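Participant: Below is one structure. I have some questions about it.
The values are calculated or read from the model by the stated rules, or taken from the named source; none is laboratory data. It should be emphasised that the depicted structure is a prediction, and the values quoted were computed from it without experimental measurement. Cβ placement follows ideal geometry from the backbone for every residue including glycine, while neighbour counts extend to all protein chains displayed. Just the protein is used for accessible areas: all its heavy atoms, side chains included, with ligands, DNA and RNA removed. Shrake-Rupley method; radii C 1.70, N 1.55, O 1.52, S 1.80 Å.
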Amino acid sequence: MASTRGEFSSRFGFLMAASGSAVGLGNIWGFPTNAATNGGAAFLFAYLILAFALAYPALMAELIIGRHARANAVTALRLISRSKRSRVLGTIVGLTGILTVSFILSFYAIVSGWMMAFFFDPLARLMGMDGLAKWLTQDAELRNSIFALLFMALTVFIISAGVKNGIEKWASRLMPSLIIILLLLILYVFTLPGATEGLRAYLVPDFSRIADPALLVDAMGQAFFSLSLGVGTMLIYGSYISKREDLPTIGGLVALLDVGIAVLAGMLILPAMYVALANGVEIFDATGGLIAGPGLIVSVLPALFATMSGIGLFVGVAFFALMTIASLTSSISMLEVPVAYGVEHHGLERRKAAIAIGSLIALISLVIVFNFDPLFDLVVTYTTEVSQPLLGFAFCIFVAWIWQRNDILSEIKQGSPEVESGLFWKIWPFYVKFICPVAILVVYFQ
Ligand code: PHE
């Protein structure tokens, strides 16, 4: 089995894949709006601290377990367990992660489908197909189903091709494009009236908010979701890293890329909102706060693009291409979790596993589309606010309390022989053992 497992062919490939997983709707949509409603740069500040002090150590836990075990989460957690009881716990945590990430993908596909529909809208208008354009932008069950299915089909297509020819190849193409589109959009929006005001709303800190528990809870949830933690995604990507790689460094680069792109996205979204305001678009909701939910992406920004005359069409295409790319590089990392389990644990063939599991998740998406009001928020809340932090907690426990310290050290040493004398080994073991679990629980019970 081990010889047929995929492996990333280069450090660049892994970095693009892992940062592609991390950078998603959470960065480009979640982070800027969270910052805007939580005291601007005060949120940014709390986020930076939590991302590096809590999320990075948890990310390292998953990468190290994954690379050591060279297997999916269930097999990996069982492998590092020494007692029967912790093996059972490993199975439970691994399977809960697989289930959680599958449900995350089921709602992610719906939202990503909206992004694809809005991507085609300016193209339809450019070709004079106004009727189609209208259909694309109107919230309806049929449109939502078709685009969620289309998005899942793309995800399945990439995952079927495997680690090197699917995940790595596509992430290496899509992530650089994402960064270029993001930078171009920022530069353009900065030239428009109102942008500096948006930048001010984003970057001027309201430090009276920094000790606000709600801000800390939001910042931690944001950091965990954004780094794709707790559900075995980073563990499975870690399992495809070469033994020669220096894990603390590449984990740090992934965290930096994730945080960097979130910060950059804030420099696009908030200035764009204030440009929209200057153009007469309503950007505040009934309570006086900034519109942050779906309304932001599917009404405020399209309304802004519509006020830009001709160039608005191109800006719209670029923006929704950005969103779709960000979604796709994340969704493939989600589907890889159950697929790898199916392949390794149940001997399924990869392509068949991808199609079967992808179809099952697509079916869940359809159930949510047709029962949107009762189900959508419920699934989001249970997966991202309840399950993800608890699983993150469990991973820390596994690595720090169940796995043996010497085994961990020798795993990291394979790619970074000097690690024992460095800063990482002085701080990280203590961190995952005490600080991370306690902090996660404290914030969780807020
Ligand atoms: N990190 C992704 C985002 O920010 C979401 C994600 C969560 C991806 C869990 C994989 C696993 O959008």
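Participant: Among what's in the range 309-339 and is more than 18 Å from the chain's Cα centre (by Cα) and open to solvent by 20 Å² or more (accessible area, probe 1.4 Å), pick the residue that is nearest to the ligand (Cβ to nearest atom).
Facilitator: Restricting to residues being more than 18 Å from the chain's Cα centre (by Cα) and open to solvent by 20 Å² or more (accessible area, probe 1.4 Å), the top hit is 318.
Participant: Right, next: Hey, among the residues in the range 39-60 that are within 16 Å of the ligand (Cβ to nearest atom) and either without any contact (Cβ under 8 Å) to a residue 60 or more places away in the chain or of a type outside the set (A, V, I, L, M, F, W, C) (or both), which one's surrounded by the most Cβ atoms within 10 Å (Cβ to Cβ)?
Facilitator: 47
Participant: Let me ask something else. Please indicate, with yes or no, whether at least one residue in the range 388-410 is out of contact with any Lys or Arg (no Cβ under 9 Å at 6 or more places or on another chain), surrounded by 22 or more Cβ atoms within 10 Å (Cβ to Cβ) and without any contact (Cβ under 8 Å) to a residue 40 or more places away in the chain.
Facilitator: Checking the range 388-410: not a single residue is out of contact with any Lys or Arg (no Cβ under 9 Å at 6 or more places or on another chain), surrounded by 22 or more Cβ atoms within 10 Å (Cβ to Cβ) and without any contact (Cβ under 8 Å) to a residue 40 or more places away in the chain.
Participant: List the residue pairs whose Cβ atoms are under 6 Å apart, where the first residue sits in the range 411-436 and is in contact (Cβ under 8 Å) with a residue 40 or more places away in the chain, the second is part of a loop (DSSP other than H, G, I, E, B) and surrounded by 13 or more Cβ atoms within 10 Å (Cβ to Cβ), and the two are 6 or more positions apart or on different chains.
Facilitator: The qualifying pairs are 415/245; 415/246; 416/246.
Participant: Which members of the range 365-375 meet the condition of being away from the ligand (no atom under 16 Å from the Cβ) and either in a helix (DSSP H, G or I) or closer than 21 Å to residue 225 by Cβ (or both)?
Facilitator: 366, 367, 368, 369, 370, 372, 373, 374, 375
Participant: Between 218, 258, which is open to solvent by less than 40 Å² (accessible area, probe 1.4 Å), in a helix (DSSP H, G or I) and touching a residue at least 12 places away in the same chain (Cβ under 8 Å)?
Facilitator: 258 is the lone residue from the list that is open to solvent by less than 40 Å² (accessible area, probe 1.4 Å), in a helix (DSSP H, G or I) and touching a residue at least 12 places away in the same chain (Cβ under 8 Å).
Participant: Quick check on residue 270: is it free of Cβ contacts under 8 Å to residues at least 40 places away in the same chain and either open to solvent by less than 30 Å² (accessible area, probe 1.4 Å) or within 16 Å of the ligand (Cβ to nearest atom) (or both)?
Facilitator: no
Participant: Would you list the helices (runs of 4 or more DSSP H) that sit entirely within the range 39-84 and hold 2 or more residues that are over 22 Å from residue 439 (Cβ atoms)?
Facilitator: So the answer is 56-69, 73-79.
Participant: Quick check on my filter: what residues within the range 364-387 are over 30 Å from residue 214 (Cα atoms) and surrounded by fewer than 17 Cβ atoms within 10 Å (Cβ to Cβ)?
Facilitator: 367, 370, listed by residue number.
Participant: Follow-up. Tell me yes or no: at least one residue of the range 9-20 is more than 14 Å from the ligand (Cβ to nearest atom) and not in a helix (DSSP H, G or I).
Facilitator: The answer is yes; a qualifying residue exists.
Participant: Select the helices (runs of 4 or more DSSP H) contained entirely in the range 88-207, then report the ones holding at least 3 residues which are open to solvent by less than 40 Å² (accessible area, probe 1.4 Å) and within 15 Å of the ligand (Cβ to nearest atom).
Facilitator: Hits in the range 88-207: 141-160, 169-190.
Participant: Could you check residue 211 against (1) in a helix (DSSP H, G or I); (2) without any contact (Cβ under 8 Å) to a residue 40 or more places away in the chain; (3) open to solvent by 60 Å² or more (accessible area, probe 1.4 Å) and say which number it fails?
Facilitator: Condition not satisfied by residue 211: (1).
Participant: Please verify whether residue 249 is among the β-branched types (Val, Ile, Thr), buried (at least 24 other Cβ atoms within 10 Å of the Cβ) and either within 30 Å of residue 75 (Cα to Cα) or within 16 Å of the ligand (Cβ to nearest atom) (or both), treating the condition exactly as stated.
Facilitator: So residue 249 fails the test.
Participant: Take the residues in the range 340-363 that are more than 14 Å from residue 166 (Cβ to Cβ) and within 16 Å of the ligand (Cβ to nearest atom), then tell me which one is surrounded by the fewest Cβ atoms within 10 Å (Cβ to Cβ).
Facilitator: For the range 340-363, the residue satisfying everything is 357.
Participant: Could I ask something else about it? Do we have any residue at all in the range 224-238 that's assigned to a helix (DSSP H, G or I) and surrounded by fewer than 24 Cβ atoms within 10 Å (Cβ to Cβ)?
Facilitator: There is no residue in the range 224-238 that is assigned to a helix (DSSP H, G or I) and surrounded by fewer than 24 Cβ atoms within 10 Å (Cβ to Cβ).
Participant: Still on this structure, please answer the following. Looking at the range 208-233, which of the residues that are on the phi < 0 side of the Ramachandran plot and touching a Pro at 6+ places or on another chain (Cβ under 8 Å) is nearest to the ligand (Cβ to nearest atom)?
Facilitator: Per the criteria, the residue is 224.
Participant: Determine whether residue 280 is under 23 Å from residue 336 (Cβ atoms), small (Gly, Ala, Ser) and either away from the ligand (no atom under 14 Å from the Cβ) or open to solvent by less than 10 Å² (accessible area, probe 1.4 Å) (or both).
Facilitator: In short, no.
Participant: Also, I was wondering about something else. Given the structure, is residue 285 within 16 Å of the ligand (Cβ to nearest atom), open to solvent by 30 Å² or more (accessible area, probe 1.4 Å), more than 21 Å from residue 17 (Cα to Cα) and at pLDDT below 95?
Facilitator: no
Participant: Restricting to the range 437-446, and then to whatever is assigned to a helix (DSSP H, G or I), at pLDDT below 90 and not β-branched (Val, Ile, Thr), can you tell me which residue is most open to solvent (accessible area, probe 1.4 Å)?
Facilitator: Within the range 437-446, the match that is most open to solvent (accessible area, probe 1.4 Å) is 445.
Participant: If residue 242 meets every condition in (1) crowded, with 16+ Cβ neighbours inside 10 Å; (2) of a type in the set (Ser, Thr, Tyr); (3) assigned to a loop (DSSP other than H, G, I, E, B) apart from one, which number is that one?
Facilitator: Failing condition for residue 242: (1).
Participant: If you don't mind, another one. Considering only the range 21-38, how many residues are closer than 14 Å to residue 217 by Cα and more than 12 Å from the ligand (Cβ to nearest atom)?
Facilitator: 3
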